[in-house]
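S.K.: One structure follows; several queries about it will come next.
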Amino acid sequence: MLAQRFGETETANDALADFRRRFDGNALVLDKWLAIKASIPGEGALARVKRLMADPAFSLKNPNRARALLGAFAGANPTGFHRADGAAYRFFLDTIVEIDAFNPQVAARLATSLRSWRQLEPVRREKVREPLASAAARPKGLSSDLADILQRIVA
């Protein structure tokens with residue numbers, strides 16, 4: 001509640017930092033912490049997610065960490081993920097393609113976050129359409145899992 005209501009305030013940041021210190025080493029709690037940090041609303045969400053990806057405790061190769069951070073960003077942070085400039089869509093799709101190289105199932109599951117892109121208002125719909133279509137149309141390099149999901153989403 002603190003993170004959702006007070007976002008990047010000093011009080012919220014201090015509380016989340018203390019929480020992280022107290023439960024450092026507990027993988028399940030770290031996943032929850034990443035999800036909370038990724039779901040803090042507002043314009044700074046994309047930059048925060050990128051910083052969290054550089055955290056030593058984070059690895060794209062850890063499926064739970066990837067789902068916690070990227071899944072929460074795409075699914076639980078509408079103001080941060082659906083930025084009018086489309087930067088979060090490009091970042092998200094690029095990251096999914098990166099994950100696809102070593103974990104096609106996780107990449108495909110994360111991609112389903114974009115299923116309802118046609119329901120977005122016109123500006124955001126256009127911002128997600130291009131990188132989504134581009135990713136789906138890659139001539140090679142995508143796993144059959146991710147290619148199937150992206151083609152279904154775009155179709």
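S.K.: Could you give every pair whose Cβ atoms fall below 9 Å, whose first residue belongs to the stretch 114-137 and is without any contact (Cβ under 8 Å) to a residue 40 or more places away in the chain, and whose second residue is loosely packed, with under 12 Cβ neighbours inside 10 Å and assigned to a loop (DSSP other than H, G, I, E, B), counting only separations of at least 6 or pairs across chains?
M.R.: Cβ pairs passing all conditions: Val123/Ala84; Ala136/Ala155.
S.K.: Restricting the stretch 99-155 to residues that are polar (S, T, N, Q) and within 25 Å of Asn62 (Cα to Cα), which is surrounded by the fewest Cβ atoms within 10 Å (Cβ to Cβ)?
M.R.: Of everything passing the filter in the stretch 99-155, Ser144 is surrounded by the fewest Cβ atoms within 10 Å (Cβ to Cβ).
S.K.: A follow-up question, please. Among all residue pairs at least 6 apart or on different chains, which show Cβ distances below 6 Å where the first residue, located in the stretch 95-113, is under 12 Å from Ala66 (Cα atoms) and not assigned by TED's automatic domain parsing to the domain that holds Lys61 and the second is of a type in the set (Lys, Arg) and surrounded by 19 or more Cβ atoms within 10 Å (Cβ to Cβ)?
M.R.: Cβ pairs passing all conditions: none.
S.K.: With the condition kept exactly as written, say whether any residue in the stretch 27-44 is aromatic (Phe, Trp, Tyr) and more than 19 Å from Glu98 (Cβ to Cβ).
M.R.: yes
S.K.: Which of the residues spanning the stretch 48-90 are of a type in the set (Lys, Arg) and not in a loop (DSSP other than H, G, I, E, B)?
M.R.: Arg48, Lys50, Arg51, Arg65, Arg67, Arg90, listed by residue number.
S.K.: Restricting attention to the stretch 4-47, which residues are in a loop (DSSP other than H, G, I, E, B) and either surrounded by 14 or more Cβ atoms within 10 Å (Cβ to Cβ) or charged (D, E, K, R) (or both)?
M.R.: Listed by number, the residues that qualify are Gly7, Glu8, Phe23, Asp24, Ser39, Ile40, Pro41, Glu43.
The values are calculated or read from the model by the stated rules, or taken from the named source; none is laboratory data. If you're wondering where the values come from, they're calculated on a predicted model, not measured in any experiment. Heads up, the Cβs are rebuilt from the backbone with ideal geometry, glycines too, and the neighbour counts pull from every protein chain shown.
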